[in-house]
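**Q** Here it is: the structure, laid out below.
Taken together, the values in this text are just the output of simple stated rules run on the coordinates, not laboratory data. Only a predicted model underlies this, so the values are computations on that prediction, with no experimental measurement involved. Here Cβ is always computed from backbone atoms with ideal geometry, including for glycine, and neighbour counts include all displayed protein chains.
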Amino acid sequence: MLRYAGYLKPELRVTANNLSPVVNALSTIFLFLFIDPYLSFLTDDVVVGKATEARFRRSVVLLATSRLVGTLLAQALLIPAARLIAIVAEIL
């Protein structure tokens, strides 16, 4: 995505490439805000007995499926996201 943004705006390809840590940091923050706490609480509930192992397994399968769907969605959003990065690179 960042390389394509550099292709769209060749004069800003270094700036677009340097935005890679920003994109990775945002995705890591979202992971820690939404996914990790849910899995932690669900794991604790299974250990205590408030939730079943079947529910835990179902949740893990659904999270893995959502990662696959997210990967496919990312492919669909590749060009619009690259254009957005090119716009941000212009602003910077």
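**Q** Within the stretch 51-92, what residues put their amide N at less than 13 Å from the label point 7 Å along the Cα-to-Cβ vector of residue 14?
**A** No residue passes the distance filter.
**Q** Based on the Cα coordinates of the stretch 2-91, what is the per residue volume of their convex hull in Å³?
**A** It is 84 Å³ per residue.
**Q** At 222 nm, what value in deg cm²/dmol follows for the chain if DSSP H runs of at least 4 each add -39500 (n - 2.57) and the sum is divided by all its residues, to the nearest 500?
**A** So the calculated ellipticity at 222 nm is -25500 deg cm²/dmol.
**Q** Residue 4 to residue 52: FRET efficiency via 1/(1 + (r/R0)^6), r the Cβ-Cβ distance, R0 41 Å, to the nearest 0.05?
**A** For residue 4 and residue 52, the calculated efficiency is 0.35.
**Q** Now, a different point. Can you give me the angle between helix 78-91 and the longest principal axis of the chain, using Cα atoms only, in degrees from 0 to 90, rounded to the nearest 10?
**A** Result, in degrees: 60.
**Q** Give me the angle, in degrees from 0 to 90, between the Cα long axis of helix 20-30 and the longest principal axis of the Cα atoms of the chain, rounded to the nearest 10.
**A** Its long axis makes an angle of about 20 degrees.
**Q** How many angstrom separate the Cα center of the stretch 75-92 from the Cα center of the stretch 1-46?
**A** 14
**Q** Please compute the length gained on full extension between residue 60 and residue 72, using 0.36 nm multiplied by the number of residues separating them and subtracting their Cα-Cα distance.
**A** 2.4 nm
**Q** Moving to a separate point now. How tilted is helix 53-76 with respect to the longest principal axis of the chain? Cα atoms for both, answer in degrees (0 to 90, nearest 10).
**A** Roughly 10 degrees between the two axes.
**Q** Right, here's the next one. Could you work out the local net charge near residue 27, counting Lys and Arg as +1, Asp and Glu as -1, over the other residues with Cβ closer than 14 Å to its Cβ?
**A** 0
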